[in-house]
1. Confirm whether residue 112 is touching a residue at least 24 places away in the same chain (Cβ under 8 Å) and on the phi < 0 side of the Ramachandran plot.
2. Starting from the range 45-62, take each residue that is in the same structural domain as residue 35 (by TED's automatic domain parsing) and closer than 13 Å to residue 18 by Cα and list its partners that are basic (Lys, Arg) and surrounded by fewer than 19 Cβ atoms within 10 Å (Cβ to Cβ), counting only C-beta distances under 7 angstrom and pairs at least six apart or across chains.
3. Restricting to the range 180-194, what's the tally of residues that are under 22 Å from residue 98 (Cβ atoms) and either in a loop (DSSP other than H, G, I, E, B) or in contact with a Lys or Arg (Cβ under 7 Å, 6 or more places away or on another chain) (or both)?
4. Can you tell me which residues in the range 168-183 are surrounded by fewer than 23 Cβ atoms within 10 Å (Cβ to Cβ) and either within 20 Å of residue 220 (Cα to Cα) or touching a His at 6+ places or on another chain (Cβ under 6 Å) (or both)?
5. From the list 91, 69, 40, pick out the single residue that is outside the structural domain of residue 160 (by TED's automatic domain parsing) and either modelled with pLDDT of 85 or more or touching a helix residue (DSSP H, G or I) at 6+ places or on another chain (Cβ under 9 Å) (or both).
6. Residue under question is residue 242, and the condition is that it be under 16 Å from residue 163 (Cβ atoms) and either free of Cβ contacts under 8 Å to residues at least 24 places away in the same chain or assigned to a helix (DSSP H, G or I) (or both); does it hold?
7. Taking the range 121-153 as the search range and keeping residues that are of a type in the set (Val, Ile, Thr) and in a helix (DSSP H, G or I), which one is surrounded by the fewest Cβ atoms within 10 Å (Cβ to Cβ)?
Amino acid sequence: MLEANTSNRSLSKATVQAYAEAMRRGEWQVTHQGIAFDNEGVLRDGQHRLAAIVEADQSIELMVFTEVEPETFDVLDTGKRRNAADVLAIEGEKSATLLAAVVRSVFLYYNRPDTSWTGGSAAVTNHQIVQTLDEHPKLREFLGLGERIASSTGMIKSSAAAASYLVTEANPRADLTPWTDGIIDGAGLRKGDPRLMFRNTMFRMARRQAGQPQRRRDTREHVALYLKAFNAWAGNDALAHLRFVARDPMPALAVVSRSRR
């Protein structure tokens, strides 16, 4: 079938890899979208699906259409592709765009913590978003907190919500109100307090971002800075500086010390 691929667009290796990984995970399902050949036997649609089958080395069931008039292929792939926010909105979720971004960050933290969270290698499928939300239903409750933290510190909303959820999940019995109140209002914080250091670091980053609007903010960096500051606070440690670079490993989730409980 791929030998009949003589008049198609260039193959995207990232797309093939994403499809193949979904096939290996057992997520691939039969839909009305399949592969199609024109009335001269030329493969006109489905090269990525077929190449992914080869890559995954698995048998996959697909719809196959033949004898399709060539002029109908001019309208292929001209519609809007459903993203994760679209899928969540269809399922009745509120604030679907923000929720999808939060769920994506949580998925990447648990599954790809030490790789870039941008680009093709960081692709997360709609199925993975829905599955992660099913596994972490309380994520919905952290959107408001994420917005409050973002408004007070300049942190990315989705990163703030995801990081807040992660530390709460790791400390289900601890009272984290002093931590969240501290980073939100900053009242009475002394030098060396991780909450003050976090606020100051985020403010500096926001000012730098304003001066370089073309620089894209990094959700992984924001989550990592939040966790590093929280870990210091949880361990009752002073923090003299706070920084994170792309090559650094993602901080683990700390458990609040007894003196903080």
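1. Details: touching a residue at least 24 places away in the same chain (Cβ under 8 Å): no; on the phi < 0 side of the Ramachandran plot: yes.
No, not satisfied.
2. Taking only residues 6 or more apart or on different chains, the pairs are 56/24.
3. So the answer is 2.
4. Here is the first cut: in the range 168-183, the ones surrounded by fewer than 23 Cβ atoms within 10 Å (Cβ to Cβ) are 168-178, 180-182.
168, 169, 170, 180 - these are the residues of the range 168-183 that are surrounded by fewer than 23 Cβ atoms within 10 Å (Cβ to Cβ) and either within 20 Å of residue 220 (Cα to Cα) or touching a His at 6+ places or on another chain (Cβ under 6 Å) (or both).
5. On the way: 91 fails: outside the structural domain of residue 160 (by TED's automatic domain parsing); 69 fails: either modelled with pLDDT of 85 or more or touching a helix residue (DSSP H, G or I) at 6+ places or on another chain (Cβ under 9 Å) (or both).
Going through 91, 69, 40 in turn, just one is outside the structural domain of residue 160 (by TED's automatic domain parsing) and either modelled with pLDDT of 85 or more or touching a helix residue (DSSP H, G or I) at 6+ places or on another chain (Cβ under 9 Å) (or both): 40.
6. On the way: under 16 Å from residue 163 (Cβ atoms): yes; either free of Cβ contacts under 8 Å to residues at least 24 places away in the same chain or assigned to a helix (DSSP H, G or I) (or both): no.
For residue 242, the condition - under 16 Å from residue 163 (Cβ atoms) and either free of Cβ contacts under 8 Å to residues at least 24 places away in the same chain or assigned to a helix (DSSP H, G or I) (or both) - is not met.
7. At the first step, the residues of the range 121-153 found to be of a type in the set (Val, Ile, Thr) are 124-125, 129-130, 132, 149, 153.
Pick out the ones that are also in a helix (DSSP H, G or I) and you get 129-130, 132, 149, 153.
Details: 129: 23, 130: 17, 132: 21, 149: 26, 153: 22.
Across the range 121-153, the extreme among qualifying residues is 130.
Each row is one residue, and each column tells you yes or no for (1) over 21 Å from residue 171 (Cβ atoms); (2) touching a Cys at 6+ places or on another chain (Cβ under 9 Å); (3) β-branched (Val, Ile, Thr); (4) surrounded by 19 or more Cβ atoms within 10 Å (Cβ to Cβ).
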residue: 199; (1), (2), (3), (4): no, no, no, yes
residue: 206; (1), (2), (3), (4): yes, no, no, no
residue: 209; (1), (2), (3), (4): yes, no, no, no
residue: 219; (1), (2), (3), (4): yes, no, yes, yes
residue: 224; (1), (2), (3), (4): no, no, no, yes
residue: 229; (1), (2), (3), (4): no, no, no, yes
residue: 234; (1), (2), (3), (4): no, no, no, yes
residue: 239; (1), (2), (3), (4): no, no, no, yes
residue: 252; (1), (2), (3), (4): no, no, no, no
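The values are calculated or read from the model by the stated rules, or taken from the named source; none is laboratory data. This structure is a prediction, so every number in the text was calculated from the model and none was measured. Methodologically, a virtual Cβ is constructed for each residue, glycine included, from the backbone with ideal geometry; neighbour enumeration extends over all protein chains shown.
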